[in-house]
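Notes follow once the structure below has been shown.
A short reminder: the numbers here are calculations on the coordinates, not readings from a lab. Since this is a predicted model, take the numbers as computed values, not measurements. Here the Cβ is made from the backbone with ideal geometry for all residues, glycine too, and neighbour counts use every protein chain on show.
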Amino acid sequence: MATRELLVTATGRRKVSIARVRLKPGTGNFVVNDRTLDEYFGRETSKMILKQPLEVVEQLGKVDIAINVCGGGLSGQAGAIRHGISRCLLKLNPDFRPALKKAGFLTRDSRSVERKKYGQPGARKRFQFSKR
């Protein structure tokens with residue numbers, strides 16, 4: 001019987017973005033929506049956000065990560081991927097929990113866009129008040 005490769009999956013969310021993350025032992029390859037990390041994210045900030053959980057638990061370069069992400073913008077997607085990677089690492093080794101929790105990577109950022117209210121131009125904005 002062949003040994004099955006260790007594959008860990010998790011979901012991360014941020015604003016409207018949803019990221020499905022698959023993590024397996026490897027050499028540190030990132031694949032986002034069938035593209036490399038550099039092709040998908042142009043900004044260095046986004047790339048840095050993705051690597052933060054791996055740096056905290058010293059797994060950078062030891063695992064391959066395949067990511068499928070949709071919804072929202074690039075910044076929200078980067079946050080969703082970070083959340084998903086953190087959850088994967090937790091499944092991989094429960095001993096990583098204190099470090100990831102202290103860094104705040106396991107907490108789902110629940111902030112999202114407030115809805116527009118009827119009779120007004122936006123969520124918080126109001127039409128100009130005039131006494132007469």
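Quick notes on this structure:
- Within the set Leu74, Leu54, Leu7, the sole residue that is under 15 Å from the mean Cα position of the chain (by Cα) and either closer than 22 Å to Arg111 by Cβ or surrounded by fewer than 16 Cβ atoms within 10 Å (Cβ to Cβ) (or both) turns out to be Leu74.
- Residues that are in a loop (DSSP other than H, G, I, E, B), closer than 19 Å to Ile65 by Cβ and among the polar types (S, T, N, Q) do occur in the stretch 90-113.
- Here Arg108 meets the list (1) touching a residue at least 12 places away in the same chain (Cβ under 8 Å); (2) within 16 Å of Leu23 (Cα to Cα) almost entirely, failing just condition (2).
- The listed residue being of a type in the set (Lys, Arg), buried (at least 19 other Cβ atoms within 10 Å of the Cβ) and farther than 30 Å from Arg126 by Cβ, out of Arg35, Arg82: Arg82
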